[in-house]
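First the structure, in the form of structure tokens, and then the observations on it.
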Amino acid sequence: PTPSGSESVFSDCGGSRAGSTEDAGGVGLCAQSRITEPGEAVKKDLQHLSREERRRRRRATAKYRTAHATRERIRVEAFNMAFAELRKLLPTLPPDKKLSKIEILRLAICYISYLNHVLDV
């Protein structure tokens, strides 16, 4: 036995009590108004945001920042290893002299020019 006014509470469910959980012993919530997945509320909240705002929010998460930092660390290590390999190929005195990245690039340009000149002669 339910109060006669309860049907107006479920009017958004088609005006019928057949769609309510009250018939199945529930608390009287409409099946359509229940959220079935935990992330569904977040998805509905983000739908009204622009693509750029959604991207900003995604990038603000700790998981995203950690993954980005890991990718950046791998990229920088690969970059530094490539410079170290190039450095090994360049003749300098003394051979173990520490060079900056720009010095390595400038020396490589000069060395390539020198090798081209040697091949042309």
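Round to the nearest 10 and report in Å² the accessible area of ARG87, as given by a 1.4 Å probe over the protein chains' heavy atoms.
Looks like 30 Å² after rounding.
Quick check for region 40-120: number of Lys pairs with alpha-carbon distance under 22 Å, counting only pairs 8 or more apart or on different chains?
Working: LYS43/LYS63; LYS44/LYS63; LYS88/LYS97; LYS88/LYS98; LYS88/LYS101.
Lysine pair count for region 40-120: 5.
Computing the accessible area with a 1.4 Å probe over protein heavy atoms, can you report the carbon and sulfur percentage for region 40-120? Display every interim value, and only then the final one.
Details: 4380 of 7090 Å².
Within region 40-120, the accessible surface is 62 percent carbon and sulfur.
With every protein chain present, what accessible area does ASP120 have (1.4 Å probe, heavy atoms only), rounded to the nearest 10 Å²?
Roughly 130 Å² of ASP120 is accessible to a 1.4 Å probe.
Need one number for region 40-120: average projected area of the convex hull over its C-alpha atoms, nm². Don't jump to the answer; show the numbers that get you there.
Details: hull surface 37.3 nm².
Mean projected area for region 40-120: 9.3 nm², to one decimal.
Measuring with a 1.4 Å probe in the full set of protein chains, what accessible area per residue, in whole Å², belongs to region 40-120? Walk me through the intermediate numbers first.
Details: 7090 Å² over 81 residues.
Each residue of region 40-120 exposes 88 Å² on average to a 1.4 Å probe.
The values are calculated or read from the model by the stated rules, or taken from the named source; none is laboratory data. Note that the coordinates shown come from a computational prediction; the quantities given were computed from them, not determined experimentally. Please note that ligands, DNA and RNA were not included when accessible areas were found on the heavy atoms of the full protein model with its side chains. Shrake-Rupley method; radii C 1.70, N 1.55, O 1.52, S 1.80 Å.
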